[in-house]
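These notes are about the structure you will find just below.
The values are calculated or read from the model by the stated rules, or taken from the named source; none is laboratory data. No experiment lies behind these values; they were computed from the predicted model shown. In this analysis, Cβ positions are derived from the backbone assuming ideal geometry, glycine residues included, and neighbour counts consider all displayed protein chains. Quick note on the areas: whole protein, heavy atoms, side chains included, nothing else; ligands and nucleic acids left out. Shrake-Rupley method; radii C 1.70, N 1.55, O 1.52, S 1.80 Å.
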Amino acid sequence: MTSRRGLSIMVWSCGPDQAEQAATPFVVAQAAAVSGMAVEMLFSARSVHWLLAAEGDTPIGFGPQRRPVSAYLRDCAEAGVTMRACGQAMAALDIGDDALAPPCRGAGGTLAFVERTQDPAWTSLVF
C-alpha cells in the first residue's frame, strides 16, 4: 500500500511587511490540494500574522489580484489544506489559539513538517 502523495509547506519569510509575497504559498497549497495531494501548511516566525483573525481584511498578493487574507484562508480550507501556527512563534508574539482565524487548526506542526521531509511520498517547500 502506498501512502497518499503530499505537500508540506513552511511559511516563514513573508510577514506583515511582505504582503505582496504572502499570497504565493496559499496559491501553491490550493493548487496542490485540488490536484489531489494532501497539503499541510506551517506558519512560523512573523508569517503567523496571516493566521490571525484580526488580519482577515488585510489584502495580500501582487497587483490587481490582491485579495483579503481571509479569502485565501477560506479557499485553502475548502480545498482541504491543513493550516497550523508555530507554537513558539505564537508564544513570541504573545497570542493564543483564540486569536487565530477559524480555518487555522491551532498551534503545532513543526514535528510533522520535519517528519514529512523524510517521507518519500511528500514534497516539502519553504516560503
| said: Among the residues of the stretch 88-98, what is the count of those that are assigned to a loop (DSSP other than H, G, I, E, B) and under 20 Å from Val69 (Cβ atoms)? | reply: 3
| Scan of the stretch 67-88 for residues that are touching a residue at least 40 places away in the same chain (Cβ under 8 Å), of a type outside the set (Gly, Ala, Ser) and either closer than 22 Å to Leu7 by Cβ or surrounded by 16 or more Cβ atoms within 10 Å (Cβ to Cβ) (or both), ordered by number | Arg67, Val69, Tyr72, Leu73, Asp75, Cys76, Val81, Thr82, Met83, Arg84, Cys86
| task | Tell me, yes or no, whether the stretch 9-31 has at least one residue that is more than 21 Å from Pro102 (Cβ to Cβ), modelled with pLDDT under 95 and crowded, with 20+ Cβ neighbours inside 10 Å. | result | yes
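Taking the criterion of being among the aliphatic types (A, V, I, L, M), modelled with pLDDT of 95 or more and under 10 Å from the mean Cα position of the chain (by Cα), would at least one residue in the stretch 52-61 satisfy it? Show your work before the answer.
Of the residues in the stretch 52-61, the ones among the aliphatic types (A, V, I, L, M) are 52-54, 60.
Pick out the ones that are also modelled with pLDDT of 95 or more and you get 52-54, 60.
When the remaining residues are screened for being under 10 Å from the mean Cα position of the chain (by Cα), the result is none.
Within the stretch 52-61 (the criterion being among the aliphatic types (A, V, I, L, M), modelled with pLDDT of 95 or more and under 10 Å from the mean Cα position of the chain (by Cα)), the answer is no, since none of the residues qualifies.
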| message | I'd like the full set of residues that are part of a loop (DSSP other than H, G, I, E, B), under 23 Å from Gly108 (Cβ atoms) and in contact with a Lys or Arg (Cβ under 9 Å, 6 or more places away or on another chain), limited to the stretch 1-48. | response | Trp12, Ser13, Cys14, Gly15, Met37
| field | Those residues of the stretch 99-127 which are assigned to a loop (DSSP other than H, G, I, E, B), more than 18 Å from Ala32 (Cα to Cα) and open to solvent by 40 Å² or more (accessible area, probe 1.4 Å), in sequence order | value | Pro102, Arg105
| field | Scan of the stretch 49-77 for residues that are in a helix (DSSP H, G or I) and either touching a Cys at 6+ places or on another chain (Cβ under 6 Å) or of a type outside the set (A, V, I, L, M) (or both), ordered by number | value | His49, Trp50, Leu51, Glu55, Gly63, Pro64, Gln65, Ser70, Tyr72, Arg74, Asp75, Cys76
| field | Residue list for the stretch 97-117, restricted to those being out of contact with any strand residue (DSSP E or B) (no Cβ under 7 Å at 6 or more places or on another chain) and either at pLDDT 95 or above or of a type in the set (Asp, Glu) (or both) | value | Asp98, Glu115
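Take Glu55 and tell me if it is open to solvent by 40 Å² or more (accessible area, probe 1.4 Å), acidic (Asp, Glu), within 22 Å of Asp17 (Cβ to Cβ) and in contact (Cβ under 8 Å) with a residue 24 or more places away in the chain.
Values: open to solvent by 40 Å² or more (accessible area, probe 1.4 Å): yes; acidic (Asp, Glu): yes; within 22 Å of Asp17 (Cβ to Cβ): yes; in contact (Cβ under 8 Å) with a residue 24 or more places away in the chain: yes.
For Glu55, the condition - open to solvent by 40 Å² or more (accessible area, probe 1.4 Å), acidic (Asp, Glu), within 22 Å of Asp17 (Cβ to Cβ) and in contact (Cβ under 8 Å) with a residue 24 or more places away in the chain - is met.
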